Structure formats: structure tokens, C-alpha cells
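K.L.:
The structure that follows is given in the form of C-alpha cells.
The values are calculated or read from the model by the stated rules, or taken from the named source; none is laboratory data. What you see is a predicted model; the values in this text were computed from it and never measured. Here Cβ is always computed from backbone atoms with ideal geometry, including for glycine, and neighbour counts include all displayed protein chains. Calculation scope for accessible area: heavy atoms of the full protein, side chains included, ligands and nucleic acids excluded. Shrake-Rupley method; radii C 1.70, N 1.55, O 1.52, S 1.80 Å.
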2 protein chains.
Amino acid sequence: MQNKIILPDSSIPSAWYNALADLKNPPAPVIHPGTGKPVGPGDLLPLFPMGLIEQEVSSQRSVPIPDEVRKRYAMWRPTPLYRAFRLEEAIGTRSRIYYKYEGGNASGSHKLNTSIPQAFYNMQFGRKRIATETGAGQWGSAMAIAGSFFGLEVKVYMVKVSYKQKPYRRMLMETFGAGVVPSPSADTACGRAILAENPDSPGSLGIAISEAVEDAAGREDTSYALGSVLNHVLLHQTVIGQEAKEQMSIAGDYPDVVIGCHGGGSNFGGIALPFLQDKMAGGKRNPRLVAAEPASCPTLTKGVYAFDFGDTGKLTPIVKMFTLGHDFVPEGIHAGGLRYHGASPLISQLLSQGLIEAQAFAQLKVFSSSIAFARAEGMLPAPESAHAVHAAIAEAKNADAEGVEKTILFNLSGHGFFDMSAYDDFLAGKLADHEHSEEKVREALERLPKVVV
Amino acid sequence: MQNKIILPDSSIPSAWYNALADLKNPPAPVIHPGTGKPVGPGDLLPLFPMGLIEQEVSSQRSVPIPDEVRKRYAMWRPTPLYRAFRLEEAIGTRSRIYYKYEGGNASGSHKLNTSIPQAFYNMQFGRKRIATETGAGQWGSAMAIAGSFFGLEVKVYMVKVSYKQKPYRRMLMETFGAGVVPSPSADTACGRAILAENPDSPGSLGIAISEAVEDAAGREDTSYALGSVLNHVLLHQTVIGQEAKEQMSIAGDYPDVVIGCHGGGSNFGGIALPFLQDKMAGGKRNPRLVAAEPASCPTLTKGVYAFDFGDTGKLTPIVKMFTLGHDFVPEGIHAGGLRYHGASPLISQLLSQGLIEAQAFAQLKVFSSSIAFARAEGMLPAPESAHAVHAAIAEAKNADAEGVEKTILFNLSGHGFFDMSAYDDFLAGKLADHEHSEEKVREALERLPKVVV
């Protein structure tokens, strides 16, 4: 076969796949942070437009993609699927490695798959403005671009340490017309309280979420937008796995293992959920689905499955998920998009039922694999995506050791052009491995909210 | 039509188009800088492998692309052609605007089209190492990546001011295994001489070329490589225009105007030369071919057509070209790739014969057009490519003013992810327009070499 499989525009999926429809048990209720009772759709209206709330709770297996969204997807979708012939040769494996590449758009990652429908439904609902947070900047960039497409004003609360470390990301968002402030900021009560206590706070994703939620809740013209974790976000990302299935079929192959890196769950869900559908259908297609996370923030491999807040400020609804505790602050690794204390409730439920697996990797080996991949394949992975690259190489090597050949598919969720300083630090020997602190996790877990369902 | 036209791998051209074969007059001879006599192929062997020297002087219309090169092209080629529906709407034009996008590879620009065959022929010829220069970094990145593909060591002399301004470019080259030094460097006699005179020299492309040529000439295992200007480089870039012709035909359209930004000529030649072939064939296809250059370095619009050195150190062969003088130093605009005093001899000859046109634009309007394009089309142009974006918008507006509809095609040669500080400066109002200094040009032109042919 050729080294890449390109699909025509007609292969852009016409519907998103809703994995909730195939779950045997219903998801745990979402709890209102104020009342301690399950939230209803009305409780979410200050934050989200009705179109997204409906998707959040939908049990319909197939959710049609609006024409306006599909046309925007056609700017860069379908994305290519590559066979990593040269990587296979470089590592000397007998296994076949495929990867789907989601970095070929202006946001540089898969995040545009969901920011576009989110902007669309907000525009349709009459909202004029979006408040959101960003860590490493992939999500903020995607929201800024989608906002510019649909005429929405976008305000991004960017974790202060990233704001300083990744100025190019801030500039990209501004070039697309978004306003960006370092978080904690003086623009919200939550930000001001944190600054009063610690003017030098480096910020965290949990704090930035609190600020964006406060902003959106306080203005009728404004919605909040989240780039991962929620059902509707994972739903939108299923275009990745759907296309990949068609491309694998054209390649005449089917994956034994499907791998995605895991932060909040949207990238992993995007590639894995359509394959979960095959798994749930029974039959002989039963791929392993592997979430690759950083050892310094091992939500799925070392967290607990419990009710917790999505943010540090305790403003978000409480959801049942794998969590390290809402005030756990992971080490400052370069894969900023994977530094989240929680996980998607949907992915968490799948993990708790043994339908997916999770693996944690320390960053030195991850960067080493990423550079081997780049030199062989001519593509530079984002540090987040590099976790999937490393997991795929590890799978291939394990298969070789067992004397078997496997078909391995992973999602290369974004490029690393905005993360060059991470590679620079690695090449200069300045990076270290950070295991998570068991004590910090133990302490954070003591502060989980008490929820009685 | 759909907003993009994607071709299958089978549409990757099987041969490069050599426009020299269609020139009515032979090109002027290339002069040896030492002897003042025309150079023969043997004179070039210390710098280039025989495969490239043959291409440099070939008069064969169609030069077959080796399989190994075509396979590497297939990593990202054929590149997409887009119809800029949303840009047309945003500027309210009745004209149709199309663009070919060459930024979708790890080097981020069209430069990989030539660095791959250059690395291939060097590898085939037994050379182990490449010395080259880079200004803004697009070429150095492309050479670093191609070197990693074919197992060649790559040493890049990077103009010092860019080395400091664009650290991410330096890091990208190092990630692909290249060695990068700021130029002027202490690694060459030429660099040491300049440093002795001015330790704070910011460097220039002319100086960096001198260093790379000295390096390559002094080591048998090493070739020099150039990312533009020369015939073989333009030859390799003709894959762009060849694909674009097929895509325009699928769109059922044909350009009235073909536009490329112009620094040394390889990007402009890449998109324009295959359309020149139509023009030379007579018949009704007679597109205007427009080179867009910066007003601060107006080689084609304000230079003279004369014999000159390609570098400041007078180490390169002397060629007949449009030039502002080999020691003219343009203002430090952000489109670093367009800051070259000379131009490709081939493009220069076409301009002197009235077969192509040139237009110069100041940078503020260029950045303004680029941002309008980005917000409409969701792609961020490199500052160099932004000159073509602006020229295309100007063509459309002129056509509207004349009450006609035109078909406009331009090449979007690269993305601007490594140039965010340029956009940041523009948005912050920190950029100014720089006209070239007529006095500086007059002085530089007084120092042209005396050549008698």
C-alpha cells in the first residue's frame, strides 16, 4: 500500500457516534455544586446553548452533523491516515503501525473538531461571546479560530505559566481576534481572590476553568466552552475514529490496538470510541483500546473513581470520574494538555468496566520516541501526542518480544511547532522524569466532595 | 465545487519541468569568481554532486523524478488546492481566488520539494555532509529534515539576527539532527574576518552563503546546498505548478493571473513556470505571471539586470540577474526569506523579456491582508507568503474596480507558526513600512563585478 490514505470530502462523517447509547449501565448523575442534587438541562443553560446540552445528555446513537459544521470540517477533513513504514524500519519491528494525523489545521490539533460545532451551536442559540480556558494553548487556539468563523467574541483565560512559556500560542489566538489574559487574572472574583493570596501564582487548568465559568455565568450573552471531558466534546471528536475505520478498511487491515494520549479524554475518545462500537457489537473485532497518560499526572492509572469537581474553585458541576483530586497540581511537564486532575466521565466509566486500558509513561522516554518518530516520518509530534507515539512503539516492541505481529493504530493529535522549547530542553538534557507525588495525591483525595446519590 | 481539490498519489508528477528548454535565448554564462571565465561542470563539483550539476545546465524539457524522491514527496504531496470562497466573500469580490498550499509538511514550506532531491543526489554521489545557510529558517529546516531522511550530516549557518529572533526554527533543525551556528561564526575564515571587524555583526544571507560555500569547498565529503536561485532548485519546485494545473482543470477553471511571492525565485518559479509552459505554447492560454516582492528589498522592480555575486564574500559564481548589489543590506522586515539582494537568473531572464511581471508591496498592507485571509480561511500565512496573499487580494479589487471577473491563483508557500512574533508586532502597532533606500542601492550597484562576456 501507499504510505498514506486520503479520503474524499464525501467521507467526512455525516453523524457523530454517541457511545453513551452503547453503554450497558447509565452514566452516574451530574451533581449541582450548590444543591448537591443532580443537575437538569435548565441548570446548564447559563453555561451552554441548548444544542450542546441536548447532546450532553443524548442517548441517540447517531447525532447528525449540521451542514454548516461539515462544510467547515471540509477545510481540512478528512485527515490523512499514514502507515509508518519508516518508523517500523527504524525500530525494526514486524508489527504494522498506522497513525491518523489531526494536526493539519490552523489550530494545530484535533481540538478544532469540537470548537467548530461548539461555536456553531452558540451562534445559532444567539450567544455572542465565549469564555474559555486553555493550558498549553491548543484548545484556546481552536476556540479562537472557530469564534472567528462564526462571528463570536472569544475570551481565553490562559494558565499563567503557559502564557509566559508559550507566547506564540497567545499570539496565534490574538491573530484570530481572541482576547487572552493570564490566569489567575484580575478580571474575575475567583482570580482576584487567588492573586490576593498569592500574587505570583503560576495558575493551573483548574483555576482557569473557574475563571471562565464565572465569566460565562455572569453574562447572558456569554457561554462557557470546554475543550475536553464532557460528553458532547467526545461526541464531536468521533469523526477521527470513524474516518480511521474507513481508512483501515481501505488498507485491508484492522487494529489489534488503538492508542490515544489522554488528558481529559477527548483525543483518546475521538480515536477509540468508534472502535469501541465494534467491540460492543461482539463479533470477532475486539481491539484493545489504550489511553496513554503522563506518569506525572496519572489520573487513570493512579486516581480513584469518585465524584469530584472539574475545577479548583469548585464552581463546576460534580461528576463521577477518575481523579487525583480537584486541587492536585501536577509537575510542570511540557505536555501541558495532559496536566488535568480528572478525566472524562465517559472514559472513566469505560475504564471502570474494563473496556479500555490505561498506561502511564515518564517524559524522557516519550521525547526520545517522539524524536525517533520525527526523524523517520518527517512529522513533529506535540508533546501530548508524543505519549501515543511512545505507547505505539512500546506495543510494537512488546509484540516483537512475544514473537507476534500486531496492527497498531494511534492518533497523532497535533504538531509540536509551538512546543519547540520542550524539544530544546530535552536535547540539552534539561528535562527530568517526574513521578507523581503519592503524598500529594493522598492529600488531594481527602478533599473530594461528599456526594450521596 | 468543493472548497478543496485533493489529488491521489498517482498525480504526483513523474518529471520536473525544465523551463530552460522553452527559452528562446540561451541563459547568460555563469562566471567563475576567480578566473572571470565561464564555469564548466567540473568547477562546480567541489560544491555540488554531479546529478544536480547536470540538472543545472540541462536543456531537457522533462527531467524524470527518481522513485526514491517521489516516494518521499508522497509523505505530503500532492498538496491541496483551495478555492478561497470565504476570503472572496470577506472582501466582496466577484473574482475567483484559488490557492495552492505548500505548508503542510514538517518544514512548513515548499522548501522540502527541493531539499529532498538535493539530499538524494548527494547521498547517491557519496557525499556525507551538507553545508548550507538559512535566513528566516524555512530552508534550513527543510535541509535538516531531508538530511535526516537520507542519512546526511547537515550544518546550517543561520543569519545571527534570525538565530536570535526565531529560536524555534533553530530548535526544529536540531530536533532533526542538524548542527546550527549563528552566522557570522568562528567556524570559517570568512566568518572570523567579519567578526574581527565587527563582533556584533547581525549577519546577512550574503554572509551566511559565504560561510557555507567556504565550508563545503574545504571538505571533500561535503556539498553546498542552496534553497533558491539556481536552475535545479526552481526545476524541483515545478511540482507545485504541475499539480495546480491538474487541480485547476478539475475545478473547470484556468487562471488569468498566477501569483507567487519572490525572494530568490524558487517559490514563484514553482507555481509559475508550468503556466509559463502554456504561455510559450502560444494558443489562448496566456496567464499573467506576477512575482510579489517586498518594497524594502525590491530586487525585481528596482534592481538592475547585470552580472553580480550571489554572496557578500564574493565566493560564489557570478551570474546575470536582477540585483540590488551583492552588499546591499535590506531593512529587517519580518519576511526574512524575501531579503535577498539578487534573483534567480532564470526568473530574471523571463522578467527582462517581459514574460513575467513584478510588483512590490510594503509590509503593513501585507500583514493586514494576511490576517483577513487567516480569519476567513483558517490558515496562517508565513510573512513571505503573505505577499502573495496581498497581491491576490489587490488583483481581485482591481478587477472589481474595472468591472471584470478574474480567475486568480496564488501559492501559499508556507505557514506562519514560527513567525508569530511578526503578527504580534503588527497587532501591537510596532511594525512600520520600510521603503528601500535608493542611495544604498546606488552605492551597492557601484560595486558590481566587471564582467566581459
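K.L.:
Which chain A residue comes nearest the axis with its C-beta when you rotate A onto B, and by how many angstrom?
P.N.:
Measuring from each Cβ to the axis, the minimum is at A:Phe417, 2.
K.L.:
Report, for chain A, the % of DSSP beta bridges that are antiparallel, rounded to 5. Intermediate results must be reported in sequence, preceding the final value.
P.N.:
Details: 18 of 52 bridges.
Roughly 35 percent of the beta bridges in chain A run antiparallel, per DSSP.
K.L.:
Which percent of Cα-Cα pairs in the protein assembly as shown sits in each 10 Å bin, short to long?
P.N.:
2, 13, 23, 25, 19, 12, 6, 2, 0, 0
K.L.:
Roughly what % antiparallel, to the nearest 5, for the DSSP beta bridges in the protein assembly as shown?
P.N.:
On the way: 36 of 104 bridges.
Counting only bridges with both partners in the protein assembly as shown, antiparallel ones make up about 35 percent.
K.L.:
While we're on this one: Between B:Leu45 and B:Lys4, what is the label-point separation in nm under the 7 Å Cα-to-beta-carbon projection?
P.N.:
If labels sit at B:Lys4 and B:Leu45, their model points lie 4.7 nm apart.
K.L.:
Note down the relative contact order for chain B as a percent, whole number, built from C-alpha pairs under 8 angstrom at least six residues apart. Working shown, then result.
P.N.:
Numbers: 1002 pairs, mean separation 84.9, N = 453.
The normalised contact order for chain B reaches 19 percent.
K.L.:
Something else now. Rounded, prolate or oblate for segment A:86-171? Axes are the square roots of the Cα gyration tensor eigenvalues, ordered a ≥ b ≥ c, and the cut-off for rounded is a/c under 1.5.
P.N.:
Details: a/c = 3.77, a/b = 1.81, b/c = 2.08.
Oblate is the answer for segment A:86-171, as a/c is 1.5 or above yet b/c matches or exceeds a/b.
K.L.:
What does the copy distance list look like for A:Pro41, label position 7 Å along Cα→Cβ, in nm and ordered from shortest?
P.N.:
Between copies, matching label points for A:Pro41 lie 7.6 nm apart.
K.L.:
Please give, to one decimal in nm, the separation of the simple spin-label points placed at A:Ala428 and A:Ser11, each 7 Å out from Cα toward the Cβ.
P.N.:
4.3
K.L.:
Could you pull the copy-to-copy label distances for A:Lys365, with points set 7 Å along Cα to Cβ, in nm to one decimal and sorted shortest first?
P.N.:
Ordered by increasing distance: 5.8 nm.
K.L.:
Helix A:138-150 versus the longest principal axis of chain A: what is the Cα-based angle in degrees, 0 to 90, to the nearest 10?
P.N.:
It is inclined by approximately 70 degrees.
K.L.:
Under 17 Å from the 7 Å Cα→Cβ point of B:Arg447, by amide nitrogen: which residues of segment B:298-313?
P.N.:
B:304, B:307-313
K.L.:
Oh, and also: Just counting partner chain Cβ atoms within 10 Å, what average do the residues of peptide B:377-383 show around their Cβ? Write down the numbers at each step before the final one.
P.N.:
Values: counts 3, 13, 5, 6, 0, 0, 0.
Across the residues of B:377-383, the mean count of other-chain Cβ atoms within 10 Å is 4.
K.L.:
Here's a follow-up. Computed FRET efficiency, Cβ-Cβ of B:Glu89 and B:Glu435, R0 51 Å: what is it to the nearest 0.05?
P.N.:
After rounding, the FRET efficiency stands at 0.95.
K.L.:
When the convex hull of the Cα atoms of chain A is projected onto a plane and the area is averaged over all directions, what value comes out in nm²? Working shown, then result.
P.N.:
Values: hull surface 79.2 nm².
Across all orientations, chain A yields a mean hull projection of 19.8 nm².
K.L.:
Only Lys, Arg, Asp and Glu count, each charged at its Cβ (+1, +1, -1, -1), so figure out the dipole size of segment A:246-303 about its Cα centre, rounded to 20 debye.
P.N.:
Taking the Cα centre of segment A:246-303 as origin, the dipole is about 200 debye.
K.L.:
Can you give me the angle between helix B:363-377 and the longest principal axis of chain B, using Cα atoms only, in degrees from 0 to 90, rounded to the nearest 10?
P.N.:
For helix B:363-377, the angle is close to 50 degrees.
K.L.:
Can you give the extra length, in nm with one decimal, that the chain gains between A:Asn25 and A:Lys284 once fully stretched, where that is 0.36 nm per residue apart less the Cα-Cα distance?
P.N.:
Details: separation 259, 0.36 × 259 = 93.24 nm, distance 2.29 nm.
That works out to 90.9 nm of additional length.
K.L.:
Follow-up. Explain nothing, just the number: dipole magnitude of chain B about its Cα centre with +1 on each Lys and Arg Cβ and -1 on each Asp and Glu Cβ, in debye rounded to the nearest 20. Please report the intermediate quantities before stating the final value.
P.N.:
On the way: 43 positive and 47 negative charges, 126 e Å.
With only Lys, Arg, Asp and Glu charged at Cβ, the dipole is about 600 debye.
K.L.:
Residue by residue through A:169-178, how many Cβ atoms from other chains fall within 10 Å of the Cβ on average? Show your work: numbers first, answer last.
P.N.:
Details: counts 2, 2, 10, 7, 0, 5, 13, 6, 4, 0.
Neighbouring Cβ atoms belonging to other protein chains average 5 per residue here.
K.L.:
So, R0 is 25 Å and r is the distance between the beta-carbons of A:Lys365 and B:Lys71; what FRET efficiency does that work out to, to 0.05?
P.N.:
Working: r = 30 Å, r/R0 = 1.19.
Approximately 0.25, to the nearest 0.05.
K.L.:
While we're here: Arrange the peptides B:23-33, B:167-177, A:349-359 so that the one whose residues have, on average, the most other Cβ atoms within 10 Å appears first.
P.N.:
Numbers: B:23-33: 15.1, B:167-177: 23.1, A:349-359: 18.5.
Those peptides, ordered most packed to least, come out B:167-177, A:349-359, B:23-33.
K.L.:
If each label sits 7 angstrom from Cα along the C-beta direction, how far apart, in nm, is A:Gly332 from its counterparts in the other copies?
P.N.:
2.8
K.L.:
Would you calculate a helix-derived [θ] at 222 nm for chain A, using -39,500 (n - 2.57) for each DSSP H run of n ≥ 4 and dividing by the full residue count, to the nearest 500? It would help to have the intermediate numbers written out before the result.
P.N.:
On the way: 18 runs with 187 residues, N = 453.
After summing the helix terms and dividing by the residues of chain A, the value is -12500 deg cm²/dmol.
K.L.:
What FRET efficiency do you get for A:Ser249 and B:Ala186 if R0 is 56 Å and r is their Cβ-Cβ distance, rounded to the nearest 0.05? Intermediate values should be presented prior to the final figure.
P.N.:
Values: r = 57 Å, r/R0 = 1.02.
Plugging the Cβ-Cβ distance into 1/(1 + (r/R0)^6) gives 0.45.
K.L.:
Additional query: Before anything else, pin down the relative contact order of segment A:179-332: Cα pairs under 8 Å, at least 6 apart, normalised by residue count, whole percent.
P.N.:
On the way: 216 pairs, mean separation 29.5, N = 154.
Relative CO of segment A:179-332 lands at 19 percent.
K.L.:
Moving on to the next point. Enter the mean number of other protein chain beta carbons within 10 Å of the beta carbon of each residue in B:6-15, as an integer.
P.N.:
Working: counts 6, 1, 3, 5, 1, 0, 0, 0, 0, 0.
Taking the mean over all residues of the peptide, I get 2.
K.L.:
Pop a pseudo-label 7 angstrom from the Cα along the beta-carbon direction at both A:Glu54 and A:Ala401 and give the gap in nm to one decimal.
P.N.:
Each label point is offset 7 Å from its Cα along the Cβ direction, giving 5.1 nm.
K.L.:
Another question, if that's okay. Roughly what % antiparallel, to the nearest 5, for the DSSP beta bridges in segment B:33-169?
P.N.:
Values: 3 of 9 bridges.
About 35 percent, rounded to the nearest 5.
K.L.:
Can you pull the accessible area of A:Val63 for me, 1.4 Å probe, Å² to the nearest 10?
P.N.:
Here the residue's solvent-accessible area equals roughly 10 Å².
K.L.:
Could you tell me the relative contact order of segment B:1-146? Use alpha-carbon pairs under 8 Å, at least six residues apart, and round to a whole percent. Don't skip to the end; give the middle numbers.
P.N.:
Working: 159 pairs, mean separation 38.1, N = 146.
Value for segment B:1-146: 26 percent.
K.L.:
Continuing with this model, one more query. Exactly which trypsin sites (Lys or Arg not before Pro) in segment A:350-453 are in a DSSP loop and have at most 15 other Cβ atoms within 10 Å? Working shown, then result.
P.N.:
Working: sites: A:Lys365, A:Arg375, A:Lys397, A:Lys406, A:Lys430, A:Lys440, A:Arg442, A:Arg447, A:Lys450; in loops: A:Lys406, A:Lys430, A:Arg447, A:Lys450.
In loop regions of segment A:350-453 (DSSP not H, G, I, E or B), the sparsely surrounded trypsin sites (Lys or Arg not before Pro) are A:Lys430, A:Arg447, A:Lys450.
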